[in-house]
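Reviewing the structure listed below.
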Amino acid sequence: MLAPTAVGVAVLVAGVLLWRRDGAKHEVSAAPTPPDRQVRPLRSWVIPAGVAVVGAVTWAAVSWLQGSVPTVGDGAQRAQLQMESIKTALTIGAAVTGAFALLLAFRRQQLAERTQQATEYDAGEKRVTELYVKAAEQLGSDKAPVRLAGLYALERLAQDNPIHRQSIVEVICAYLRMPYTPPDDQPTPTPAVQPPADDPTPAAPTAATGDSGKPAVDPREERQVRLAAQRILARHLRPTAPEGEPHPLYWGPQVVLDLTEAVLTDLDFTGCHLHKATFTKAHFGGDAGFGGAAFGVAARFDGVTFGGDAGFGGAAFGGYAGFDGVTFGGVAGFGGVTFGGVAGFGGVTFGGDAGFGGAAFGGDAGFGGVTFGAAARFDGVTFGGDAGFGEATFGGDAGFDGATFSGVARFDGATLAGTRYDGPEPVAE
């Protein structure tokens, strides 16, 4: 009875260890899984200690069974019982030895699995690195299809490897930050006819070749590549699908964008979640859409130029919103926007209508030195902190119907339709 019990206990212990190991939850991903916690080396005294334990258990079993042999009966019967007790004790020792061997075998299996896991992880990381480097090299090609292939390769790599998403986003942002002159929508001239070989006059550079003789990048093709890069970022920054369900391509709420001085064309970040976004001194060609977007800790648009309309309707700024020195060439739509922190619009130039109707400023709102070229609508706006419009210029209609000022509202030095206001500062009651 004791031998099967010992074996059963050993099997039960091994089963529990395997169940706890396999029960660990891992993120579902095609990325290689890093190895589990490191297995400590086996101490040198473990094997001798195991042998000593087996010997001690066997000796204890023999002693106990020999002591339990009854003293009654003839000598032959007692000798037979003593032999049976010795066999039983040896069986118990063999069972303990088997249990110890089973635990050692489990450890060897665990080490083998971990070694295999580490090998697969290293191979996966090497493959990811090779794909990453290859895609980055494709972005440097002078052929637009090759650059497009590099972008989509990076997108697939980021989708399958969550741990590399931020670095791939940074590569795409760096590509968009590269110097770029948008095309004038005129067809690219064909290369000039080369002069005869005996003509000493050197051929002038053409639109198809640069000064170094290398093929020049067609700005119209480059625009398509950049539009694809913008769509890739927008596609993976939307947490919900059009049907309202969680988007399976969403890359998470901690993605950081740095598009400083980038040249962006018809950017559409509608409904995107941007944890931290920097667009300082960027140039937006065409219309820019940020409607319903959610900005996390900070959003910086300082010094940005919007060539067309800029739509921020329904957006939410959780932290600081910086728009100092921005130039809006078209309509600036901030209707229903929520500013959770400080909002800076100092020195902004609104070339078209500026609509802030229904917006809510949770912190201070600075519009000092702003130029409103057309209508400025602040109807129904809630200013939770101080509102500064000092030295602002209102070139068109200015509407503040139903606006609520919870703090100090400053309009000193403001110019409304050519009339300068130098009276006392309106203060909310």
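Have a look at Val408, Val370 and point out the one that is surrounded by 18 or more Cβ atoms within 10 Å (Cβ to Cβ), of a type outside the set (Ser, Thr, Tyr) and assigned by TED's automatic domain parsing to the domain that holds Gly344. Going through Val408, Val370 in turn, just one is surrounded by 18 or more Cβ atoms within 10 Å (Cβ to Cβ), of a type outside the set (Ser, Thr, Tyr) and assigned by TED's automatic domain parsing to the domain that holds Gly344: Val370.
Anything in the stretch 87-104 that is modelled with pLDDT of 75 or more, under 17 Å from Ala60 (Cα atoms) and of a type in the set (A, V, I, L, M)? List them, or say none. Correct list: Leu90, Ile92, Ala94, Ala95, Val96. Out of Ala293, Ala277, Ala288, Ala282, one residue alone is in the same structural domain as Gly322 (by TED's automatic domain parsing), in contact with a Cys (Cβ under 7 Å, 6 or more places away or on another chain), modelled with pLDDT of 90 or more and of a type outside the set (S, T, N, Q). It is Ala293. In this structure, Ala61 does not qualify as buried (at least 16 other Cβ atoms within 10 Å of the Cβ) and at pLDDT 75 or above.
To keep it simple, each residue is scored yes or no on (1) assigned to a helix (DSSP H, G or I); (2) of a type in the set (Val, Ile, Thr); (3) loosely packed, with under 14 Cβ neighbours inside 10 Å.
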site: Lys87; (1), (2), (3): yes, no, yes
site: Ile92; (1), (2), (3): yes, yes, no
site: Val96; (1), (2), (3): yes, yes, no
site: Phe100; (1), (2), (3): yes, no, no
site: Gln116; (1), (2), (3): yes, no, yes
site: Tyr121; (1), (2), (3): yes, no, no
site: Glu155; (1), (2), (3): yes, no, no
site: Ala158; (1), (2), (3): yes, no, no
site: Ile168; (1), (2), (3): yes, yes, no
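Scanning the stretch 304-334 for residues that are assigned to a strand (DSSP E or B) and surrounded by 20 or more Cβ atoms within 10 Å (Cβ to Cβ) yields Phe306, Ala310, Gly311, Phe317, Ala321, Gly322, Phe328, Ala332, Gly333. If I filter the stretch 343-353 for residues that are under 29 Å from the mean Cα position of the chain (by Cα) and outside any loop (DSSP other than H, G, I, E, B), do I get at least one hit? Checking the stretch 343-353: at least one residue is under 29 Å from the mean Cα position of the chain (by Cα) and outside any loop (DSSP other than H, G, I, E, B).
The values are calculated or read from the model by the stated rules, or taken from the named source; none is laboratory data. Bear in mind the structure is a predicted one, so any value in this text is a computation, not a measurement. Note that we place each Cβ from the backbone using ideal geometry, even for glycine, and neighbour counts take in every protein chain shown.
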